[in-house]
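Q: Below: one structure in C-alpha cells.
The values are calculated or read from the model by the stated rules, or taken from the named source; none is laboratory data. In this text, all values refer to a predicted model and were calculated from it rather than measured experimentally. Cβ placement follows ideal geometry from the backbone for every residue including glycine, while neighbour counts extend to all protein chains displayed. These area figures cover heavy atoms from the full protein model, side chains too; ligands, DNA and RNA do not enter into them. Shrake-Rupley method; radii C 1.70, N 1.55, O 1.52, S 1.80 Å.
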Amino acid sequence: MIEITAKLLRDQSAVFMCGETVECLIDFIHPTLPEHKISQSNSDILENLAWATVQLHCYCNATFNEKPSLDAASTRNVGGTTSLNASNQLKGEALHSTEPKILFCDLRLSPGEAKQFLYRETVPLNTPPTYRGIRVKYYYKITVATQRLGSTVQALNIPIRVLPLPLPQSDLDEAITLNDESNEDLAPNNPFLEKKRPPSRIEYALHYLRGVTARRRPNFFMINNKWGKVGRFCLFKAAYKLGEDIVATIDFSCGTVRCVQLSVTLQCEETELNRVANTPGAKDEPGVPDNDDAVNTPETVAEVDRQKSISRVTNYSKHHEVCLGMLQTQVILPIPLHVTPTFRTELVEVSWRLHFQFVTSTNAELSSEMLLERSSESEELEWVAPTDIAIETMIWSLPITIYPTAPLQIPQPSGEYKLHIK
C-alpha cells in the first residue's frame, strides 16, 4: 500500500489571487510492514508506481448549458489534456488546465521509505474566480494523478479558492495608483543603497485595491414617491472589499411622508448571459427570430434581451428597523468573507446591490402637526396608536461594487489530503 499526502505550504489560508503562485507539498509514503507479517518475496517489499503528474484545473458547472456547442468547446483552453482527465469524476467540464508537471516515472519505494515533491504553479490570469452560484459554479482543484502497475489511474484533488485580480478599469484609476508612489521617485538617489525592485503584479493589484476602496466620496440620494419626499439616503462610498461594513445614514427630517418601516438587504444578482445563443437549437424555438429574417424593432430586441438575460438574486446581510418617529437612522451591513466579488464571464455576470423597502403612510393620525395641536391644547398628552394604518411599500435597488481583499485576511485553513493506493 502507498499513501499519498498533499498539503499547501500556505496552510493558514487556501485562498489565492489570479496570477499568484500556489505551492503544494506532495509525499509518497510506503508504510512499514506489520511486525507479524513476513515478506515472501522481493515483490512484497517494494512498491512500484509507474508515473505521477500534477495539474491545476478550473472547472465550470453550468446547469443551463449542460450540452455546449462544438464551437464553444473548441475555443476553450484544454491544454495539457492527459489520461488523468479520465480518472476525474468531478461535476462540470475543465474550463482551463495548466500544463501537466511530471513528478516521476517508475518510482520504487521500500517499506518505511518516502519521497517528497514540491509543486509550484501560477494561477492563470484569464480564468474566472471561485463562485458557487445558483446555476453556474466555478471551482479549482489541484489534481495529483498516479498509476500503479496493473491498476487504474487514481487522483487526489486539493481544492483551493481563487479571487479575481483587481486591476484599474480606466486610465484615471491607473494614473491615481501610480501617483501614490511618485514621491519616492523624486527623492535623491543614494548610490550606496540597493536599487528598489519594481512591484510585482500582485503587489500592484493590492496597492490599487487599497486606493480604490479607501476613497470616501459621500453620495446623497433623495427618496421620493407620488405623495412627496420620504427622506435622504447617504452612502459614504460605492466600492467595498470583502469583510468590510457598508455604513450609510438615512435622514427623515426633510421628508413630508412618514416612513413607518425600513428594510435594507445586501443582494447578489446572478445574470445569465447569452442564454439563447449558447443553447443548441435556439433558432428553432418559437419566439426567437432567425438572424436572417429578424426585424430590428425595439419590441423584438427587448424580447430577445429578456430571454438572453435571466437574473437570480441571493440575499445576505439584512437591516430591518421600525423607524416611525425617527429623524435619522444608521444602516450597517457586513459583507461576508466567503462571497464572490463582482465579476463577469461569457456565461454569467455577478453584481451586487442594496435593496431597499420603504413602508410609508399618509395617515393623518401619524403626522407631527396633529401631535403638536394636541399638546398645545392640554398639558398632558397621551397618544394611542391607531389600529389600522394605510401603507404603501416602495422598492428601490442601488448597485455597488465589491472587490476582493488580501488572501491572507481570509481565514480558510487548508488541511492535509490523503489517498491510499492498495
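Q: Restricting attention to segment 252-299, report how many residues are touching a strand residue (DSSP E or B) at 6+ places or on another chain (Cβ under 8 Å) and either within 30 Å of V339 (Cα to Cα) or at pLDDT below 65 (or both).
A: 14
Q: When T340 is evaluated against the numbered criteria (1) open to solvent by less than 30 Å² (accessible area, probe 1.4 Å); (2) part of a strand (DSSP E or B), which criterion, by number, is the only one it fails?
A: Going through the list (1) open to solvent by less than 30 Å² (accessible area, probe 1.4 Å); (2) part of a strand (DSSP E or B), T340 breaks only (2).
Q: Can you name every residue in segment 366-398 that is modelled with pLDDT of 85 or more and open to solvent by 100 Å² or more (accessible area, probe 1.4 Å)?
A: Hit for segment 366-398 is I395, nothing else.
Q: Right, next: Could you list, ordered by first residue, the pairs with Cβ atoms under 8 Å in which the first is in segment 223-251 and acidic (D, E) and the second is surrounded by fewer than 16 Cβ atoms within 10 Å (Cβ to Cβ) and in a loop (DSSP other than H, G, I, E, B), at least 6 apart or interchain?
A: Qualifying pairs under 8 Å: D251/L327.
Q: Quick check on my filter: what residues within segment 102-138 are charged (D, E, K, R) and touching a Gly at 6+ places or on another chain (Cβ under 9 Å)? It would help to see each step written out before you state the result.
A: First, the residues of segment 102-138 that are charged (D, E, K, R): 106, 108, 113, 115, 120-121, 132, 135, 137.
Hit for segment 102-138 is K137, nothing else.
Q: Kindly indicate which of V144, V136, V123 is surrounded by 18 or more Cβ atoms within 10 Å (Cβ to Cβ), touching a residue at least 40 places away in the same chain (Cβ under 8 Å) and more than 24 Å from S414 (Cα to Cα).
A: V136
Q: Return the pair list, or none, for Cβ contacts closer than 7 Å from residues in segment 330-343 that are under 13 Å from Q267 (Cβ atoms) to residues that are outside any strand (DSSP E or B) and among the aromatic types (F, W, Y), at least 6 apart or on different chains.
A: Every condition considered, no pair remains.
Q: Given the criteria assigned by the TED database to the domain that holds L8, in contact with a Cys (Cβ under 7 Å, 6 or more places away or on another chain) and open to solvent by 40 Å² or more (accessible area, probe 1.4 Å), does L118 qualify? Let's see the steps before the verdict.
A: Working: assigned by the TED database to the domain that holds L8: yes; in contact with a Cys (Cβ under 7 Å, 6 or more places away or on another chain): no; open to solvent by 40 Å² or more (accessible area, probe 1.4 Å): yes.
So L118 does not fit the description; no.
Q: Here's something else I'd like to know. Could we say that T249 is assigned by the TED database to the domain that holds S351 and at pLDDT 50 or above here?
A: For T249, the condition - assigned by the TED database to the domain that holds S351 and at pLDDT 50 or above - is met.
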